[in-house]
1. For the chain, what does -39500 (n - 2.57) per DSSP helix run (n ≥ 4), summed and divided by total residues, give at 222 nm, in deg cm²/dmol to the nearest 500?
2. Using the 2.2 N^0.38 Å rule of thumb for compact globular proteins, work out how region 63-143 stacks up: its C-alpha Rg over that value, please.
3. Only four residue types carry charge here, +1 at the Cβ of Lys and Arg and -1 at the Cβ of Asp and Glu. Report the dipole size of the chain about the Cα centre in Debye, rounded to the nearest 20.
4. Taking 2.2 N^0.38 Å as the expected size of a compact globular protein, what ratio does the Cα radius of gyration of region 1-66 give against it, to two decimals?
5. What percent of all Cα-Cα pairs in region 49-89 falls in each 5 Å bin, counting up from 0?
6. Given N residues in the chain, what is its alpha carbon radius of gyration divided by 2.2 N^0.38 Å?
7. Given H placed on each backbone N at 1.01 Å, which residues far from residue 155 in sequence or on other chains put an amide H within less than 5 Å of it?
8. Which one, 73, 138, 119, is farthest towards the positive end of the dipole of the chain when Lys and Arg carry +1 and Asp and Glu -1 on their Cβ?
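Please treat every number below as a calculation from the coordinates, not as lab data. Predicted model only: the values in this text are computed from it and were never measured. Here the Cβ is made from the backbone with ideal geometry for all residues, glycine too, and neighbour counts use every protein chain on show.
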Amino acid sequence: MISDVVIMNVVMIYDMKSDSVLLQNRTKKWKGGCFPGGHLEDGETINASAVREIFEETGLTVKKLVPCGYVHWNKAPDRNEIIFCYRTSDFSGELKQCEEGENYWVKREELLSQPLTRWFRDQLPIFFGSGYTEFSHVHSEEAGGYTVRFDTSGLLPEPGFLPEFCTFPENAAGGSGKNDKGERV
């Protein structure tokens, strides 16, 4: 029986106009780049916690979060962590720094060359896939560590390839990243 579950979130904020994503070079618990996010607080919905965490860590207000999937870590026989993954191009505000790490924009084509945390590098396909994906790290004594499994309802990009943002299902209709007034969406 599972007695301890930690719920977290992480959000890929992307800018179609500059072909960039917001990366956070973490300096606290672990080192390396990943997308910003955090923990669910008591009384919050998972989506509301993602919006709050992004504002706290970046100063940006995000809307229209698209759920991409989740990461499940079976940390111990009775402890599990679940990270809900989102992406959005709908953001406003001025980027700020936080104590979690340095926030900066990086070109999509340069993302894989950044000093990313290993676990985050493994999870990138979730954010760039066309469906909803479960990525599980299940501890197995028989296997001598963690076994990893992707289950997806869509296509995942090939390793080392990050597709253009216009290929995301939410951008397929317009494809330009702009609304009918020419504003970035």
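1. Roughly -4000 deg cm²/dmol at 222 nm, from the helical runs in the chain.
2. 1.31
3. Dipole of the chain, to the nearest 20 debye: 380 debye.
4. After normalising by residue count via 2.2 N^0.38 Å, the value is 1.23.
5. With a bin width of 5 Å, the distribution comes to 6, 20, 22, 19, 14, 10, 6, 2.
6. Numbers: Rg = 16.5 Å, N = 185, 2.2 N^0.38 = 16.0 Å.
In units of the 2.2 N^0.38 Å rule of thumb, it is 1.03.
7. It is 130, 131, by chain and number.
8. Value computed over the given set: 119.
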